[in-house]
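J.: Below you'll find the structure I mean.
Readers should treat all values here as calculations from the given coordinates under stated rules, not as data from a laboratory. What you see is a predicted model, and the numbers here were worked out from it, not measured in a lab.
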């Protein structure tokens, strides 16, 4: 692996054999050099790679990507943990195959933003990350996004991406889509003083009551509400309030104020140890929410977050 800092590469492929040949060579190269090797790929690809790697497969950590790519902040935390574990075991570097589960079209930009953020979060990490992109399954917009978020692209050949943009330039132009809501909010709580945090938590507890939510999940929801509403009370101004949309399978909340929003385009992506201070709450909220988005438009900052039961 060149150097001791991040190499972030997109593997653009259109046949199973092309995928297997490239990924097998990549993982085998890691093992030959004594590097840690991880592959987060679809379940069927895990089986194929195990067969191709034979005895070497036991030295590779395999992860079902459909379970791994649920929440961007949680996925980043997971990679951070695997990197720390590899270094603690004596490996000097790690190679990762991470095939993002892009899901439906409404979340394409979510995961394109995640891919961009990796370039900042792991900039100094001794890691080589290869992200496979299947052109048979993914639309052109996602493939173009891969070229914008990966400094290196492997397609017919391995070369620098002419479309690559640094995270601080790309993220402001690619806003996180807001979780959808239907109709007017079922409850609204003004946030004018710190004492309103208690009323906000009570309103959320009432919204999820008798709807089959697990007690531990309710505690996580209340923690997120406290962090986001508290951040608005601390930094926001003007009309500050919490809106709640409660349904049987899902709960969506948003905190609005007339503050200046988050100036750092990477807010919520950097691990808590790097974010520090107020960034810790947003980092935590991103790991616990199924979907979290920040919008600043026409003088209003909106943080909307949703949970599924």
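J.: Where does helix 279-288 land angle-wise versus the long Cα axis of the chain, in degrees 0 to 90, nearest 10?
T.: Between the helix axis and the principal axis of the chain, the angle is about 80 degrees.
J.: Please report the relative contact order for the stretch 7-173, taking Cα pairs under 8 Å with a sequence separation of at least 6, and give it as a percent rounded to a whole number. Show your work: numbers first, answer last.
T.: Numbers: 239 pairs, mean separation 54.6, N = 167.
Across the stretch 7-173, relative contact order equals 33 percent.
J.: A further question on this structure: Compute the acute angle (0 to 90°) between the alpha-carbon long axis of helix 108-121 and the principal axis of greatest extent of the alpha-carbon atoms of the chain; round to the nearest 10°.
T.: 70
J.: Using Cα pairs under 8 angstrom and six or more residues apart, how large is the relative contact order of the chain, in percent? Walk me through the numbers on the way to the answer.
T.: Numbers: 543 pairs, mean separation 58.0, N = 309.
The normalised contact order for the chain reaches 19 percent.
J.: Could you work out the relative contact order of the stretch 117-227, using alpha carbon pairs under 8 angstrom and six or more residues apart, expressed as a whole percent?
T.: This gives 15 percent for the stretch 117-227.
J.: In addition: In degrees, nearest 10, range 0 to 90: what is the angle between the Cα axis of helix 72-88 and the longest Cα principal axis of the chain?
T.: 50
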